[in-house]
C-alpha cells in the first residue's frame, strides 16, 4: 500500500482547481441531461400521458447524532434539518425507457452552523433494446454529500453496503459515476459488447500541519466482454478490462484484467461455474506494481420463485514488486427469500479488494463482510425493518510499517407509514462503530443516529 503525498497548499491555486472541478462535473451533468431529453423524446410517442409520469416531491427530515464529528473522545452532538425537493420520472417498459430520481436540498445544523451545506443526488437509468439485437444501457449516479462512509455505487445490495474505509472527517465531496453499455445479442443468452465507466471524485482538501492532502481522482475503465451459450447446458464467457486512474497526490495507475469462465446448467433452476482471472496493476512509481491471480467455483440455485441462493469459493495470489507475496481464500454467498409479507436478505463475502477511487485510496486489502436485513409489511401502509453488518479489513504493509486492521459494526431499524398515497413518514435508527489497531486507533468511534423524515409526492 502506498501513502498519500502531501501537497504544499501555498503552491496550489485552489480557486482554479475548484472551478475546473465544477466545470468537469457540470459537463457530466449536461451530458446526462441531454441523454435524458433525447431518450425521453424518443419514447414520448409511446406514452399515453407524458406529464403523468413526472412526480415532484418534497422531503423534510430531522436528524440527531450523538457523535457528529466521529471522534473517540470529546464527542459533539447536534441536530440537523434537511429540506430536499426532488422529482421522479419513469416511462420504463420491458424493452426501453428511462428512470430518473433527482433531488437537491440544504442541511441546517442546530449548533455547528459552519457545517451547513448543499446536498444533491441524481440517479438515472436508461435502456433501449431493438429487434435486431443491438442494445444500449446507461446508468449515472451523482452525489454531493458529507458522509465519511460512502455507499457502494451500482451494488447488487446497495441498501447495506459501504466502502471499506476508516474515514471520519466530515467534508463535502462530489462523486459522479457514469456507465454506458453497448452490446449485440446474437442468441437468447449470447452477447458481445463493451462497457465504459467514468468515476470522478472531488472533495475539499484535507489540511494537516499546514499542508493540503488532495484526494481527487478520475477513473476510466473500458471493458469488452463476450458470453456464448454453446448449448442450453454449456456456456463460456471472456472479458478484458483496461483501467486508467489519475490521482492528484498519488501515483497514476494503468490496470489490466483478463478473465474467463465456464458455465454448466444442470437444470432451469441450477447453474454451476468455474472462473479465473489475471490482474496487473502498473503505477507511475513502479515499486507499487503487483499482479493478482485468482480462481473460483460456484453455484446458483433457485429453490422457488421467491428463494434464490448463490455461492462461490476460491483463492487468490498477490505478487507485489516489493514486499512479500500474499494469498488467501475468496468466498461469496447471497440469499434472498420472499415469504409472505417478509423479505429476508443475507450475504457473506471475503477475499481482497482494491481501493483506489475513494476518498482514502487504501490500495490492496484483504477483507471479510457479512450483511443481513429483514423487511416486514405489517399491513398495506405500514412496514418495519432490521439490518446489520460486520466488516473486517486488513492491510499487509511492507516492514517496518505495521499491519493495519479495521472492524466496522453497523446496526439499524426502521419503520415506515404511508397514511395517504402521497405521503410517507419514516423513522430510522442507525448505530455504527469503528475499531482499529496501530496508530489508526485515533479514528475509532461510536455513533448513534436517529432520523425522522416525511416525503410528500405529487
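Nothing in this text is a laboratory measurement; each read-out follows from the coordinates by a stated rule. Small disclaimer: the values here were computed from a predicted structure and weren't measured. Here the Cβ positions follow ideal geometry from the backbone for every residue, glycine too, while neighbour counts run over all protein chains shown.
Separation of region 299-363 and region 174-205 by C-alpha centroid, Å? That distance is 21 Å. Among 403, 72, sorting on how many other beta-carbon atoms sit within 10 Å of each Cβ, with the fewest leading, yields 403, 72. Between residue 324 and residue 66, the simple spin-label model (points 7 angstrom out along Cα→Cβ) gives 4.1 nm. Among 357, 266, 331, the order by Cβ neighbours within 10 angstrom, fewest to most, reads 266, 331, 357. Taking a point 7 Å out from the Cα of residue 335 in the direction of its Cβ, the residues of region 259-284 whose backbone N falls within less than 20 Å of it are 269-272.
Take the Cα of residue 433, step 7 Å toward its Cβ, do the same at residue 189, and the gap between the two points is 4.5 nm.
In this rough spin-label picture, where each label sits 7 Å from Cα along the Cβ direction, the residue 346-residue 311 distance is 1.0 nm. With a Förster radius of 30 Å applied to the C-beta separation of residue 256 and residue 128, the computed FRET efficiency comes to 0.45.
How big is the gap, in Å, between the Cα center of region 263-293 and the Cα center of region 119-136? Here the two parts' Cα centres lie 27 Å apart. The gain in end-to-end length when the residue 81 to residue 272 segment is fully stretched comes to 63.8 nm, 0.36 nm per residue minus the alpha carbon separation. With a Förster radius of 51 Å applied to the beta-carbon distance between residue 381 and residue 407, the computed FRET efficiency rounds to 0.85. Residue exposure proxy: 242, 173, ordered by other Cβ atoms within 10 angstrom of their Cβ from fewest to most, comes out as 242, 173. Here the calculated FRET efficiency for residue 196 and residue 51, from their Cβ-Cβ distance with R0 = 30 Å, stands at 0.35, rounded to the nearest 0.05. Here the gap between residue 121 and residue 390, fully extended at 0.36 nm per residue and compared with their Cα-Cα distance, gives a gain of 94.2 nm.
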